[in-house]
Amino acid sequence: MSSFRQNDRLRTCSRTTVRAQSRMDRAIGSEAAAARSAPAAIVADIAGLAARHKVEGDRLRQLPPALAEAFQRHDVYRLILPRDLGGGDVDPLDYLDLVEKVARVDGSTAWNLAIGAGSGLYVGYLPVERSRPMVADVSSCIAGAYAPFGHGEIVDGGYRVSGHWGWASGAAQARWMVFGFRVAAQDGTDETPPEIRQALAPREAFHVLDTWHANGLRGTGSTEYEVDDLFVPSDMTFRVFLDKPKHPAPVFRLPGAFFGSAVASVALGIGHGATEGLKQLAVVKGRAKGGASGGNPLRQQAYAHYAVAKAEALVESAKLYLDDAIEAIWCSILAGREIEPAQRERARRACVQAAEASAEAVDLCCRAAGGHALFESQPFGRALRDVRAAIAQITLQRSAMEDAGRAAFGLEPLSPVF
């Protein structure tokens, strides 16, 4: 074995050991954790409910009541938070697997799961006396957007913020809203760039609008919200992914690419679901020659063979790449090391690659399904709409891959949270 392969194997073993030890440490002496649902049980229950209620979610344009109740029953919103905040302390890689498996059944449900659990990480930037009561029970859902669409003015003790934001997935279930805003420079000149901050405030402080009329991911309730002249205490504001978290738990040190990996996992699950749909369709269409042309049944068609194999290869390889990139970052955090720039660059590439590979996989399956892809009884139309909606998320767009390319050339990424 070459020295390169030996070193690579040692790195892999070291990472596996770090994660295994971390899981063991978290598993010891926790009666609360024992009472929680295991990720496999969460998948089984929520995926089953999603299969039965996804059409209702499309009609309501938000998470259906049965799923909203299941999210609280399984304590989804505190899934990856540390135990001292009442969280489940679920390993981030297990969380990504959970999201991906639910997305095989319904992208909207998985999206709300990914955002609902992942948004809990915002509380790590707050003083513990603020964060602990915010996540004191199973209804502690956070929704909103960290993009700085608001405007803030410095006042005694904090800020006065006004603004209009969008993409508040899960707003109907939220108790707290996150929102980004810009603070004008205090020197009165245009030369100093405005400071960008994020904040958390109770949902009832905002006017939540009914604007989510979308083709894809209809059941996510990713609507808009606004506020005028809201006072926000200074210690309820932060600079996400830029400030040092105030809580010492390792999970709060995960970078912005982790958020990207969660929504990329939704895309991966949608892609996987499309390949399974094509296999099931082939069983039905394979019993007799299909169509007026009297052509070969689907399971005998060479293009269908290529499409299902290529689609599976795209999704499986992209998931392995994404998991490996995030695991490398997580193991560095657990070992007390700084996240290397090359690790951030790789994670960004992996997120976009996962999204684009998933979209290609769905396209292949839709084409192979032929006219059957048009019917609502088949999963292909929904998969096509949902995966296109998923990859429109800013962390999965082409600009994120371009930032990784800038870093590869030794240039500064354009995103401040790269």
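The values are calculated or read from the model by the stated rules, or taken from the named source; none is laboratory data. Given the structure is predicted, the values throughout are model-derived calculations rather than measurements. With ideal geometry, Cβ positions are generated from the backbone for all residues, glycine too; neighbour counts draw on all protein chains shown.
So which residues in region 68-94 are in a helix (DSSP H, G or I) and in contact with a Gly (Cβ under 8 Å, 6 or more places away or on another chain), if there are any at all?
Within region 68-94, Phe71, Val76, Tyr77, Arg78 qualify.
Residues checked against (1) modelled with pLDDT of 95 or more; (2) among the basic types (Lys, Arg); (3) buried (at least 20 other Cβ atoms within 10 Å of the Cβ):
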{"site": "Ile28", "(1), (2), (3)": "no, no, no"}
{"site": "Ala33", "(1), (2), (3)": "no, no, no"}
{"site": "Tyr77", "(1), (2), (3)": "yes, no, yes"}
{"site": "Arg83", "(1), (2), (3)": "yes, yes, no"}
key: Matching residues, region 202-248, being in contact with a helix residue (DSSP H, G or I) (Cβ under 7 Å, 6 or more places away or on another chain) and either over 30 Å from Val387 (Cα atoms) or in a strand (DSSP E or B) (or both)   = Val208, Thr223, Tyr225, Val227, Leu230, Asp235, Met236, Phe238, Asp243, Pro245, Lys246, His247
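Count, please, the residues in region 374-413 that happen to be under 24 Å from Ile115 (Cβ atoms) and either surrounded by fewer than 12 Cβ atoms within 10 Å (Cβ to Cβ) or among the hydrophobic types (A, V, I, L, M, F, W, C) (or both). Write out each step before concluding.
Step one: of region 374-413, the residues under 24 Å from Ile115 (Cβ atoms) are 379, 381-401, 403-404, 413.
Filter again for either surrounded by fewer than 12 Cβ atoms within 10 Å (Cβ to Cβ) or among the hydrophobic types (A, V, I, L, M, F, W, C) (or both), leaving 383-384, 387, 389-392, 394, 396, 398, 400-401, 404.
Counting residues in region 374-413 that are under 24 Å from Ile115 (Cβ atoms) and either surrounded by fewer than 12 Cβ atoms within 10 Å (Cβ to Cβ) or among the hydrophobic types (A, V, I, L, M, F, W, C) (or both) gives 13.
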query = Given Gly381, Gly370, Gly336, which one is in a loop (DSSP other than H, G, I, E, B) and in the same structural domain as His272 (by TED's automatic domain parsing)?
reply = Gly336
message = Tell me the residue from Arg348, Arg367 that is surrounded by 19 or more Cβ atoms within 10 Å (Cβ to Cβ), out of contact with any Cys (no Cβ under 7 Å at 6 or more places or on another chain) and modelled with pLDDT of 95 or more, please.
response = Arg348
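Tell me the residue from Arg197, Arg182 that is touching a residue at least 24 places away in the same chain (Cβ under 8 Å), crowded, with 24+ Cβ neighbours inside 10 Å and in a strand (DSSP E or B), please. Step through it out loud before you land on a result.
Details: Arg182 fails: crowded, with 24+ Cβ neighbours inside 10 Å.
Arg197 is the lone residue from the list that is touching a residue at least 24 places away in the same chain (Cβ under 8 Å), crowded, with 24+ Cβ neighbours inside 10 Å and in a strand (DSSP E or B).
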remark   = Given the conditions (1) assigned to a helix (DSSP H, G or I); (2) crowded, with 22+ Cβ neighbours inside 10 Å, every one holds for Asp58 apart from (2)
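One line per residue, one yes/no per condition, for (1) surrounded by fewer than 24 Cβ atoms within 10 Å (Cβ to Cβ); (2) aliphatic (A, V, I, L, M); (3) without any contact (Cβ under 8 Å) to a residue 24 or more places away in the chain:
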| site | (1), (2), (3) |
| --- | --- |
| Val105 | yes, yes, no |
| Ala114 | no, yes, no |
| Ser119 | no, no, no |
| Arg130 | yes, no, no |
| Gly152 | no, no, no |
| Asp156 | yes, no, yes |
| His164 | yes, no, no |
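Condition check: part of a strand (DSSP E or B) and either in the same structural domain as Gly381 (by TED's automatic domain parsing) or within 23 Å of Asp386 (Cβ to Cβ) (or both). Does Gly144 satisfy that? Walk me through it before giving the result.
Working: part of a strand (DSSP E or B): yes; either in the same structural domain as Gly381 (by TED's automatic domain parsing) or within 23 Å of Asp386 (Cβ to Cβ) (or both): yes.
Judged against the criteria, Gly144 is a match.
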request  = Taking only region 136-150 into account, find how many residues are without any contact (Cβ under 8 Å) to a residue 60 or more places away in the chain and out of contact with any Gly (no Cβ under 6 Å at 6 or more places or on another chain).
outcome  = 3
inquiry  = Which numbered condition in (1) assigned to a helix (DSSP H, G or I); (2) farther than 27 Å from Glu312 by Cα is the only one that Leu63 fails?
reply    = (1)
task = Report whether or not Glu129 is among the charged types (D, E, K, R), more than 25 Å from the chain's Cα centre (by Cα) and in the same structural domain as Gly219 (by TED's automatic domain parsing).
result = no
ask   = Which of the following residues is free of Cβ contacts under 8 Å to residues at least 24 places away in the same chain and either on the phi > 0 side of the Ramachandran plot or surrounded by fewer than 21 Cβ atoms within 10 Å (Cβ to Cβ) (or both): Lys279, Lys244?
value = Lys244
ask   = Could you list, in sequence order, the residues of region 147-182 that are of a type in the set (Val, Ile, Thr) and under 20 Å from Ser222 (Cβ atoms)?
value = Val178
